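Chemist: The structure follows.
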């Protein structure tokens, strides 16, 4: 099932985007991204988020934005 494969890579995306993942993991992720539009969107969004954070700074995310983000990403509320 594709969603299981997608979930497998989610935990590794931070290292991948930061350039800290091993070459083997990068190859696996890139092969997956070649056939998965949803994961490509996640990686692109993560890259944009990192860039925004680096240029804007660590301003707190408003509660309503954080709640919407968690809901869209189907994540538990960690706050």
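The values are calculated or read from the model by the stated rules, or taken from the named source; none is laboratory data. From a predicted model like this one, the values you see are computed outputs, not experimental measurements. A quick note on method: Cβ atoms are made from the backbone with ideal geometry, for glycine too, and the neighbour counts reach across all protein chains shown.
Chemist: What number goes with the only condition from (1) part of a helix (DSSP H, G or I); (2) surrounded by 12 or more Cβ atoms within 10 Å (Cβ to Cβ) that residue 21 does not pass?
Modeler: (1)
Chemist: Please verify whether residue 72 is at pLDDT below 90 and assigned to a helix (DSSP H, G or I), treating the condition exactly as stated. Spell out how you get there, then give the answer.
Modeler: On the way: at pLDDT below 90: yes; assigned to a helix (DSSP H, G or I): yes.
Spelling it out, residue 72 is indeed at pLDDT below 90 and assigned to a helix (DSSP H, G or I).
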